[in-house]
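Reviewing the structure listed below.
The values are calculated or read from the model by the stated rules, or taken from the named source; none is laboratory data. Computed from a predicted model, the values in this text were never measured in an experiment. Please note that ligands, DNA and RNA were not included when accessible areas were found on the heavy atoms of the full protein model with its side chains. Shrake-Rupley method; radii C 1.70, N 1.55, O 1.52, S 1.80 Å.
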Amino acid sequence: MLKRENIKLGIAPIAWTEDDMPEYGKEATFLQTISEIALTGYEGTEIGCLYPHSSKILNEEFARRGIENITQWFSAYINELPFWQVERDFRDHMYFLKAAGAKLINVSDQSFSVQHRSSTSFLDKPVLNEEQWQELAEGLNKLGKIAVEHDMAIVYHHHMTTTVQTASEVDKLMELTDPRYVSLIFDTGHLAFSGDDPVAVLKKHFDRIKHIHLKNIRKDVVERCRKERMSFLDSVLEGAFTVPGDPEGWVDFPAVFKILEEREYKGWLVVEAEQNPYIYNPFDYAVMARKYVKELTGI
């Protein structure tokens, strides 16, 4: 069992309203979403697309429900935009998150990404050359140093359709970046979707992992989406992702939790699964995942 004092359990609101396709779940208000998150026993939430951009409102409403702000996604474009522009946007994002009580900044570089291209297969992901890798690493080190100077930290989110998707690309990023400034989000679902072994990545990069997304995949759906060369967004709507505890899921969470227990992970575990909320009821799946994590970890 995991040590309770080391762990906080949260959930991402993307199951209620799909961040990349906010028309899916647009009826789920901010207050409804965070009330259901608190009701189902989670201690925190990442910030979703329908949350107000007001630290005052967030702090008040989170406090009423006894939950915390964990982080929010930041799209960097280090290989596409002038760095001064990336830094300006990053600082604005960082100041907002800090005012809203977060310590972590969820960073994913979206340069050349096909994540939002509904007519492009996720198989046609971008690949960086050596010069671009150096530019990415140097930019992330600079952003990470800024965060550390403000008592915060960036955690890099490897993600489908981006330049850091596969296990080998995670290896490369960890090799090139400074561990003082760049940590890693370990996302079980995106690694599994990519065709990699999440357990192997966890073992290899445990010391750099400062944040964890507990996400599952429906392997048969992923394989069909791959065969049909679907876009990432269409794959989401097809049901590629699901939560821990779903009988249709494929990720070996017992092995993941065993490593976290043995190596005494400290930090947030965040249940996350972008799904079509009109097919997969977010409240029901939040309950499903909460029960499963409790059974396996005692948390």
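Classified by the C-alpha gyration tensor, the range 196-299 has an oblate form. Its axis ratio a/c, with a ≥ b ≥ c, is 1.5 or above, and a/b does not exceed b/c. Here the gap between GLU261 and LYS56, fully extended at 0.36 nm per residue and compared with their Cα-Cα distance, gives a gain of 70.2 nm.
Counting only residues at least eight positions apart within a chain, or on another chain, the aspartates and glutamates with an alpha carbon under 14 Å from that of LYS142 are GLU87, ASP89, ASP109, ASP178.
How much length is gained if the chain between LEU31 and TYR278 is pulled fully straight, taking 0.36 nm per residue apart and subtracting their Cα-Cα distance, in nm to one decimal?
87.0 nm
Taking only C-alpha pairs under 8 Å that are 6+ residues apart, what is the relative contact order of the range 4-297 in percent? Relative contact order comes out at 21 percent.
Each 10 Å bin from zero holds the following percent of Cα-Cα pairs in the range 178-223: 27, 50, 19, 4. Please give every one of the lysines within straight-line cross-link reach of LYS56, meaning a C-alpha to C-alpha distance under 27 Å, and leave out same-chain neighbours fewer than 8 residues apart. Candidates past the 8-residue exclusion: LYS8, LYS26, LYS98, LYS103, LYS145, LYS210. Normalising by the residue count of the range 124-272, find the relative contact order in percent from Cα pairs under 8 Å and 6+ residues apart. It comes to 21 percent, rounded to a whole number. By accessible area, using a 1.4 Å probe on protein heavy atoms only, the range 4-297 has 50% of its surface on carbon and sulfur. Of all DSSP-defined beta bridges confined to the chain, some 5% are antiparallel rather than parallel.
Within a straight-line Cα-Cα reach of under 16 Å, LYS227 can be paired with the following lysines, leaving aside sequence neighbours fewer than 8 residues apart in one chain: LYS125, LYS219.
The C-alpha atoms of the chain occupy a region whose extents along the principal axes are 47, 46, 42 Å, arranged from largest to smallest.
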